[in-house]
Structures are given as structure tokens and as C-alpha cells.
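One structure is given here, and the rest of the page talks about it.
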Amino acid sequence: MTDAPKAMSLANLRELPSLPQVIIDLQSAISREDVSIDAIAETVSLDQALSAKALRVANCSFYGVPGRVVSIRQAIGMLGLRSVSTVLTISAVSQSIPRPSCPGFDMERYWRHSVAVALCARNIARALRLDADVAFTAGLLHDLGRLALASQEPACLSESLRRRDELDCTMLEAERATLGTDHTALGGQVAERWHFGPAVVDAIRLHHEPPASAQATVVDIVHVADSIAHALDVAGDPNEMVPALDPTAWNRAGLSEGQTLLILKDTEAEVDGLCEALAV
Amino acid sequence: MTYETATLAHPAKSPSPAQAQAPASEKPAQGDRLAWLFRETLRRHQVHPLMELLRRYRGQEGA
């Protein structure tokens, strides 16, 4: 165990490959709402690995049109550009981060939790009539910093995991004690470098400490969704621990008891199908 | 459904101190899984709005 926090070198995180240019262009175009669907479809189709995975995901029962989507152009027509953008982003992120070899880090559990947070965030956003696609992407990537650490700084993450198990503290506390930083700060840097929008970057950076706000934000949604996913125990981690819930963020979300019970049910029901489609 | 940062004066459903502070490697009994998941909140003698909802949700599933 490390006694004093050590300065975390980000040199290795900077070596993470960039996302494919088409994803960066897509994120940018959607935020400007001046995108040419044909141009996007043509560019994506040139990347065979990306389009194959995107079609596999688009055809899973989660999206409601299993087995009927045969081209990126058709996927955009049937699912909408923003949903296809989400599918492409998921595919690109899972392809862009080298598979980690990090003792104590379980990649399958990592993705099961991330998928659960994404689904839950989408369900909460729909209940609150906020942007469900942004909430989904933010939820899926909320622990991106941990994945980047597992891939690029496995010894550092292993040390944090050992500390967490030894002291039975939260992972955030363990990271701060051993690294002098944590997955939220690191994930925010990676997401900025990958040109994600400010709502997604903020959710990654602030989901454990949502700032004051006049109304519910994507940060609040991901904060609540993270707690719910831990409480649903979907990752199968024997040392699972539900993090503290910020009362002001919870109250801003303002979910009724009935809404929350439905969100628990829907989230749990959808996790297996989407994990299977993503092959994570 | 709102909640305050209340502290439970008599946390009737909290696990015993020994249970709440059990080493991470000690697997709780299946019936205690919910208390185990919320052990950080219970150690602080606070309430977590999701805990009672989860108890009810799991109860509905089992019914």
C-alpha cells in the first residue's frame, strides 16, 4: 500500500489512440445540426470494422428492429441519426481502447456497470423529458477514466483496487489516496481530447460531486443512475458498494416512487440484451 | 419523492456494527446483500433513498 499520494503521470493516457475522425465529425455535426446524412453514411461505411459492429448493435432487440438493418444509411433512416451516432460512438470507444491487462480489473464487470448506467440514465432522462441520447452516452462513458487507467496505467489501478479491498472504502477514495487524482478527472481529460460535448465531459468529470444547479442536469442524471446501477448489483462484484447519493441532485431529479420503481425494472431488464449486442 | 440529509437516530434496519464493518472478503448471507451494498451509508447512520425502494422492488420480484 502506498503511504503518500504520488503524482499521476498522464503521459501514458496521452498515448491512447484518437477516436476515428468520422466519430469526431459526427459529434460536431450533430451539435451544429447541419449534418449531411448521406455524407456520414458514406464515410462510416468506409470503416468496415466500425460499420460491422454498428450494424450488429443496431440489429439487437434493444433498438426494436432486430435483423432488419443492413446498411448505415438504413440504420440512420430507421433509428434516427442521434441513435446511430450513439451506436457508432460505443463501437468506436470499445475499439479505441486497447484491451487492458490489469490485475483485479474485470472488463466484463466494467462494461456491465457502464451499460446499466447508460440505460438507467436514458430512462431517467425520458422521465424528465431531457435529452435521452446525451444521457445514454454520458452514462456509458461515465467511468471512462477507469478504463483508460486499466489500459494505460494498470499497476496504478491495481494498487487502488487493492487499497479499496483492504480498507473496504469507495473506489474514489482509494484512487485519490494512491494516485493523487481519480477516474473522474482523468476521464474528463480523455473525453475532452476525444471531442465529446460539454454535457458528456461534465458528466464524466462531476458525476460523483454534482454541482449546484437550478434544475436537473445530465450530471445529476448520471449521478443518480450510477447509484441505481450499483444498487441493482448488475456487475456481479462481490465487493459492490452503493456510493453516497447527493440529496440535492436527487431532489432536482424529482423522480416519484412509481417512476423510480419502473426505472429499476426497465434498466435491469435491458442490461443483458445490450451487453450481448455490444459483445462486452 | 425528496429526502433530507437525515441521520437515523435509531437505525432499526442497519446491520450490526460487526456486520457493517466486516472485511470486504467476507461474503454476507444472501438475505443481507442489500445491507451489504448500502454499508457505507449505514456505517454513517444515514438514510439512502434507494435502499427502501430496492427492498420493496426485490420484494415485488419475489412475490
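The values are calculated or read from the model by the stated rules, or taken from the named source; none is laboratory data. Every value quoted in this text rests on a predicted model; they were computed, and no experiment measured them. Heads up, the Cβs are rebuilt from the backbone with ideal geometry, glycines too, and the neighbour counts pull from every protein chain shown. The protein model used for the area step is the full one, side chains on, heavy atoms only, and it has no ligands, DNA or RNA in it. Shrake-Rupley method; radii C 1.70, N 1.55, O 1.52, S 1.80 Å.
Within chain A, what is the longest stretch that has no GluC sites (Glu not before Pro) placed in a DSSP loop and near at most 14 other beta-carbon atoms within 10 Å?
A:34-280
Quick one: check the C-alpha center-to-center distance for region A:113-147 versus region A:200-258, whole angstrom.
One Cα centre to the other: 10 Å.
Out of residues 5 or more away from B:Gln46 or on other chains, whose amide H comes under 5 Å of its own, with H placed 1.01 Å from N in the peptide plane?
For B:Gln46, whose amide H was placed from the backbone, the distant partners under 5 Å are B:Leu8.
Please state the charge dipole magnitude for chain A, taken about the Cα centre, from unit charges on C-beta atoms (+1 on K and R, -1 on D and E), reported in debye and rounded to the nearest 20.
Approximately 580 debye in magnitude.
Please compute the alpha carbon radius of gyration of region A:176-280, then divide it by the globular-protein estimate 2.2 N^0.38 Å. Two decimals is fine.
1.17
Karplus couplings for region A:90-107 from phi (6.51 cos²θ - 1.76 cosθ + 1.60, θ = phi - 60°), rounded to Hz, Gly and Pro as x?
4, 4, 5, 5, 5, 7, 8, 9, x, 4, x, 10, 10, x, x, 9, 10, 4
Spelling out what I want: for every residue of region A:138-154, take phi, set θ = phi - 60°, compute 6.51 cos²θ - 1.76 cosθ + 1.60 (Karplus), and round to whole Hz; glycine and proline get x.
4, x, 5, 9, 4, 9, 3, x, 5, 5, 5, 5, 4, 7, 9, 9, x
Between A:Val134, A:Val93, A:Val70, which gets the highest mean-square fluctuation from a Gaussian network model of chain A, Cα cutoff 10 Å?
Maximum fluctuation in the GNM of chain A, among the listed residues, is at A:Val70.
Ignoring ligands, DNA and RNA, what accessible area per residue does region A:19-96 give at 1.4 Å, in Å²?
46
Two-decimal Rg/Rh of region A:98-280 from alpha-carbon positions, Kirkwood Rh?
Rg/Rh for region A:98-280 comes to 0.94.
For q values of 0.11, 0.12, 0.16 Å⁻¹, compute log₁₀ I(q)/I(0) with the Debye formula on a Cα-only model of region A:39-181, without solvent.
Per q value, in the given order, log10 I(q)/I(0) is -0.51, -0.59, -0.91.
How large is the dipole of region A:37-84 about the Cα centre if only Lys and Arg carry +1 and Asp and Glu carry -1, each at its Cβ, rounded to the nearest 20 debye?
With Lys and Arg at +1 and Asp and Glu at -1, about 200 debye.
To the nearest 500 deg cm²/dmol, what mean residue ellipticity at 222 nm is calculated for chain A from DSSP H runs of n ≥ 4 alone, each contributing -39,500 (n - 2.57), summed and divided by the residues?
Calculated mean residue ellipticity at 222 nm is -20500 deg cm²/dmol.
Can you pull a Stokes-Einstein diffusion coefficient for region A:15-109 at 4 °C (1.567 mPa s), Rh from Kirkwood over Cα pairs, as a whole number of µm²/s?
92
Could you pull the Rg and Dmax for the protein assembly as shown, using just the Cα atoms, both in Å?
20.2, 64
Just the accessible area for A:Met78, please: 1.4 Å probe, Å², rounded to the nearest 10?
A:Met78 exposes around 70 Å² with every protein chain in place.
So which trypsin sites (Lys or Arg not before Pro) in region A:111-150 are both in a DSSP loop and have at most 10 other Cβ atoms within 10 Å of their Cβ?
Of the trypsin sites (Lys or Arg not before Pro), the ones in loops of region A:111-150 whose Cβ has at most 10 other Cβ atoms within 10 Å are A:Arg129.
Take every residue in peptide A:163-173, count the Cβ atoms of other chains within 10 Å of its Cβ, and give the average of those counts.
Going residue by residue through A:163-173 and averaging, the value is 2.
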